[in-house]
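Enquirer: Handing you this structure, nothing more for now.
The values are calculated or read from the model by the stated rules, or taken from the named source; none is laboratory data. Values in this document were obtained by computation on a predicted structure and should not be read as measured data. Counting neighbours? That spans all protein chains shown, and the Cβs are built from the backbone with ideal geometry, glycine included.
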Amino acid sequence: MEEKSNDHHASDVIVSLVLSTIPDSILEAEFESELQFHLPTECTPFFPTFFETLENDQKNLGIAKFSVSYTLMQDVFKKYG
């Protein structure tokens, strides 16, 4: 997720939204204007509502763009092995 501004409060709101909406989600990295989360696959039933909220409130949350990728364990081992 990339924020439009460097407003730390906006980051806090986004982190709070993710952690409260997707159980067991983890904030993995926070760069200048980017937040990276791990969303457990067992929480996929929560994804439609979560992503609908992101799309509908994207501008109000200060999110310039967001994306999703699916990483398999074998991909992790290829990258680091």
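Enquirer: How many of the residues in the range 14-55 are of a type outside the set (Phe, Trp, Tyr), within 12 Å of the chain's Cα centre (by Cα) and surrounded by 15 or more Cβ atoms within 10 Å (Cβ to Cβ)?
Expert: Residues that pass the stated criteria total 10.
Enquirer: A follow-up question, please. Show the residue pairs that are 6+ apart or on different chains and have beta-carbon atoms under 6 Å apart, the first residue being within the range 14-35 and over 12 Å from residue 47 (Cα atoms), the second being acidic (Asp, Glu).
Expert: 33/2; 33/3; 34/2
Enquirer: If you don't mind, there's one more thing I want to ask. Can you name the residue in the range 30-78 that is assigned to a loop (DSSP other than H, G, I, E, B) and among the aliphatic types (A, V, I, L, M) and is also modelled with the lowest pLDDT among such residues?
Expert: Per the criteria, the residue is 72.
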